[in-house]
Amino acid sequence: MIDFRLTETDKAHLGRTRAEGVICRQYAREFDENESEMIPDVLPEADQFFKDYPELPEVGDDDTQGVVMMLLQCMGQNWGDYSVRLRRSMRGGLGNAALAAAGTEEQKAKFGEMLLSMAITEPGCGSDPSRVSTTAVLDEDTNEWIINGEKIFVTTGIRATGVVMWATIDKAAGRAGIKSFLVEKGTPGFNVPHKEKKLGIRADDTAAYVFTDCRIPRENLLGLDESIPKASSGGFRGVMKTFNMTRPLTAAMGLGIAEAAIDFTRDELEEAGITIDYTAGPGGLGRLSAAAEKFMRLEALFDASKLTTLQCGWLAGKGLPNNLESSICKAHAGSAVRQITQGCIEILGSVGISRELLLEKWMRDSRITDIYEGTGEIQRLIIARGLLDYTRHDLK
Amino acid sequence: MISFGMTEDQELVGDAMREFAAEAMRPIARECDESAEIPADFLDTVWSLGLTSTQIPESFGGAGEERSPVTNVILLEELAHGDAALAMAALAPSLFANAVLDHGTDEQKAAILPLFCGESFATGALAMNEPASLSDAARPRTTAEQKGESFILSGRKTFVVFGDRASHFLVTAQLGDDVAVFIVPRDAAGLTVGDVERKMGLHALTTTGLELERVEVGPEALLGGAEGADVQQIIDSSRAGLSAVMLGVSRAVLEYCVPYTKDRVAFDEPISKKQSIAFRLAEMQIEVQALRQLVWQAASFLEHGEDATKAAWQARSYAAEKSMWIADNGVQVLGGHGFIREHPVEMWFRNARTLGVLEGMVAL
């Protein structure tokens, strides 16, 4: 049954996430201004945090409520602050999602407890991962892969204790030759030269990785499938499956920040005595101030984006295909959070750009939403191909 | 508990309505728009589907099936995908009947509802819009003065759906500090039904004006009796309903553009292979999907008796903006053909703008 009401338990749960968010938010400005510092793994207030977070639900296990709550909770955490979040509740990095989706039981047992980053992007390849140029060459004598190449923009790249990284085992095979590998930090030849300097999410440890003749065991190939599919891109599609939960999660992260801007702006409007009145329909707009009307539209945009993201997660929880919906919610949220955070600053005027407040930070922090995990343009390409029944060769 | 899953019934209703819209509505939509008329046999066919009577309780002559605003938005999206004007005509009797069902006294229900359970198409009409710039449904300029036990209604209304054939009107009017609704029979003294109105879109859906010149009605005419009626709920329901219609129109535009752009060749390839076109289609798809969630949210709140005013505002406002954007870009994607009446897109463009400014036109 279609239903958009939260249960009392869910509301209480999300209330606690928000309360933690308020605590985390106290540190938001400090770590934004001091981007070279690492956020401590445990904040001084950590013992006040709610401990009993539900486990990451298994996708496809008909756990729609678990997935929906996970997305709402993710929004709640990011409503507090994007970077300063309770470490204990970190359910792993992007690499952990890839491991869960494609790893063998042995690999899950061996690497499951690690914080795994995901390294795809290279200096010469961004939204088109099939251009990956990092190589993995099998040394039959030692049963090891030898990895060479450079990765950038690796999320949680400093704190991660391991990485799922993409490399090609056969450049001539194009996309079909790309495989995922598990590499532990400390492996000789795996270096982390620096933390990237960014527009937003400055406190986040985004890193660059360099692999120089880095040798890893043969069994570290994620999923252990060394074959190179000939005609089809089935193997590549397996790799891309990772995105079905990460795209809605990425959308949720940006939307949490946008919601912070919405809530702050609503409070400021209220303080200024500006009425927000949902009885005013077409023709009734004369009753609303320009600020109120703009705000109400931005909030509608927010709700549309949030619900679209939850619907995508709900499908995953049902075990239903959500490829198209993943791209739709990510594209929608990417654009919505830009409009919302920029629009809230416009509504509040010059105070919005002050670094005494967090609004300008929220605008910078949320800007990444339309870029990482596939830019808005890539999502639109995917959506258009789906609509038109085109392959990537038909529509580039 | 948040869920996006349709019930089996809702899936069946959606499928049946999609089929009905494709077979019985889309093929006659253009002709109805050009002639500004709906064939009588269409209304008879719709009547036989029982869209209104099935949801009226058995005690008032209906089939007593559960009424679900969520099912009704699913149904409206599909019907409007066929044609918005015909969809709203099909649901017009419900606009009147549901308001009486939700807000009327037992006596009012007993007197009115059986009219909608007969063998042939019958309708009442909701008179909410007024012929003035900045007309605001929540604050009508039509007034009601108390005179002893009776009320005197004065004012003008416009865009009254099926004003030409309604047996009764529900008239909103300012009564002191509140907005009240009155059941006014067509033959009430002082009530003049205007000519069928000419408007930019929804040509086939006949609407009229109403003039109320000191129309006197008894206490039995006040919807809900002394307790009155929750007018905002009627407005919310209509806003959610209209947003579902706009969703259907938006999807119609998108689904028309997809095959068109694949067939239309320019510079040696289908224009669908150009990113500037393909991205527009993707944007339409994104907004159709997002809009549907807002429509469902508003309907879900209405269904469970939650305060739906904000959700309905959001759905209507978003629908008005996005359906207009989609229809506007539909015209652009078709280029010159978008401007020609051989294709339905110019009609959807006119309908989108029309739907986006109306209130009290369709109910859940």
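Computed from Cα atoms, the angle from the helix B:40-49 axis to the main principal axis of chain B rounds to 80 degrees. Packing around the peptides B:209-221, A:71-83, taken as the average count of other Cβ atoms within 10 Å per residue, puts them in this order, highest first: A:71-83, B:209-221. Absence of a disulfide-compatible partner, taken as no other cysteine beta carbon within less than 4.7 angstrom, is noted in chain A for A:Cys24, A:Cys74, A:Cys125, A:Cys214, A:Cys344. Annotation: lysines with alpha-carbon distance below 24 angstrom to B:Lys147 (same-chain offsets under eight excluded): B:Lys157.
Taking the DSSP beta bridges in the protein assembly as shown as the whole, what percent of them are antiparallel, to the nearest 5? Of those bridges, close to 85 percent are antiparallel. When the listed pairs A:Lys198/B:Lys273; A:Lys361/B:Lys274; A:Lys108/A:Lys396; A:Lys151/A:Lys185 are checked against a 25 Å cut-off, the alpha-carbon distance exceeds it for A:Lys198/B:Lys273; A:Lys361/B:Lys274; A:Lys108/A:Lys396.
Once you list every other residue whose beta carbon is under 13 Å from the beta carbon of B:Lys157, what net charge do they have if Lys and Arg are +1 and Asp and Glu are -1?
Taking every Cβ under 13 Å from that of B:Lys157, the sum is -3.
Suppose R0 equals 22 Å. What FRET efficiency, 1/(1 + (r/R0)^6) with r the Cβ-Cβ distance, do B:Glu211 and B:Asp178 give to the nearest 0.05? That gives a FRET efficiency of 0.45. Answer rounded, prolate or oblate for chain B, using the Cα gyration tensor with square roots of eigenvalues a ≥ b ≥ c: rounded when a/c is under 1.5, else prolate when a/b is larger than b/c, else oblate. In terms of gyration-tensor shape, prolate. For the residues of A:306-313, the average number of beta carbons from a partner chain within 10 Å of their own beta carbon is 5.
Just checking the listed ones, A:Asn34, A:Asn220, A:Asn148: in the Gaussian network model of chain A with Cα springs under 10 Å, the one fluctuating most is A:Asn34. Candidates A:Ala176, A:Gly162, A:Ala203 compared by Cα position along the dipole of the stretch A:96-229: farthest toward the positive end lies A:Ala203, with charges placed on Cβ. Charges were assigned to the Cβ only: +1 to each Lys and Arg, -1 to each Asp and Glu. The resulting dipole of the protein assembly as shown about its Cα centre is roughly 2360 debye.
In the stretch A:259-396, taking the dipole from charged Cβ atoms about the Cα centre, the farthest positive-side position among A:Leu359, A:Ala290, A:Gly313 is held by A:Gly313. Let me know the shape class of the stretch A:246-374, please: from the alpha-carbon gyration tensor, a ≥ b ≥ c as square roots of the eigenvalues, rounded when a/c is under 1.5, otherwise prolate if a/b is greater than b/c, or oblate. Oblate.
Averaged over the residues of peptide A:377-388, the number of Cβ atoms from other protein chains lying within 10 Å of each residue's Cβ is 6. Charging the Cβ of each Asp and Glu at -1 and of each Lys and Arg at +1, and nothing else, the dipole of chain B about its Cα centre rounds to 1260 debye.
Counting Cβ atoms of other protein chains within 10 Å of each residue's Cβ and taking the mean over peptide A:327-335 gives 3. Judged by the ratio a/c of the largest to the smallest principal axis of the C-alpha gyration tensor, the stretch B:1-142 counts as rounded, that ratio being less than 1.5. Its Cα centre serving as origin, chain A has a Cβ charge dipole (Lys and Arg +1, Asp and Glu -1) of approximately 840 debye. Highest GNM mean-square fluctuation, chain B, Cα pairs closer than 10 Å: which of B:Thr192, B:Thr207, B:Thr123? In this elastic network of chain B, the residue with the biggest mean-square fluctuation among B:Thr192, B:Thr207, B:Thr123 is B:Thr192. The distance separating the Cα centre of the stretch B:93-134 from that of the stretch A:351-396 comes to 47 Å.
For A:Trp145, the residues whose modelled amide H falls within less than 5 Å of its own, excluding neighbours fewer than 5 places apart on the same chain, are A:Asp139, A:Ile216, A:Arg218.
Distance from the alpha carbon centroid of the stretch A:101-168 to that of the stretch B:216-234 works out to 69 angstrom.
Compared with the dominant Cα axis of chain A, that is its longest principal axis, helix A:8-25 is turned about 80°. Farthest toward the positive end of the dipole of the protein assembly as shown, out of B:Pro39, A:Leu116, B:Ala226, is the Cα of A:Leu116, where the dipole comes from beta carbon charges about the Cα centre.
Within straight-line reach of A:Lys11, meaning a Cα separation under 26 Å, sit the following lysines at least 8 residues removed in sequence or on another chain: A:Lys51, A:Lys306, A:Lys318, A:Lys330, B:Lys310. Close amide-amide hydrogen proximity is noted between B:Leu126 and B:Val161, B:Leu170, each under 5 Å apart and 5 or more residues distant or on a separate chain (H modeled in the peptide plane; Pro and chain starts excluded). Taking A:Gly281, A:Gly254, A:Gly200 as the candidate residues, the one with maximal mean-square fluctuation in a Gaussian network model of chain A, Cα springs under 10 Å, is A:Gly281.
Quick note: the coordinates plus some simple rules give every number you see, no bench work behind them. Quantities reported herein were computed from a predicted structural model and do not represent experimental measurements. Virtual Cβ from ideal backbone geometry, glycine too; neighbours counted across all protein chains shown.
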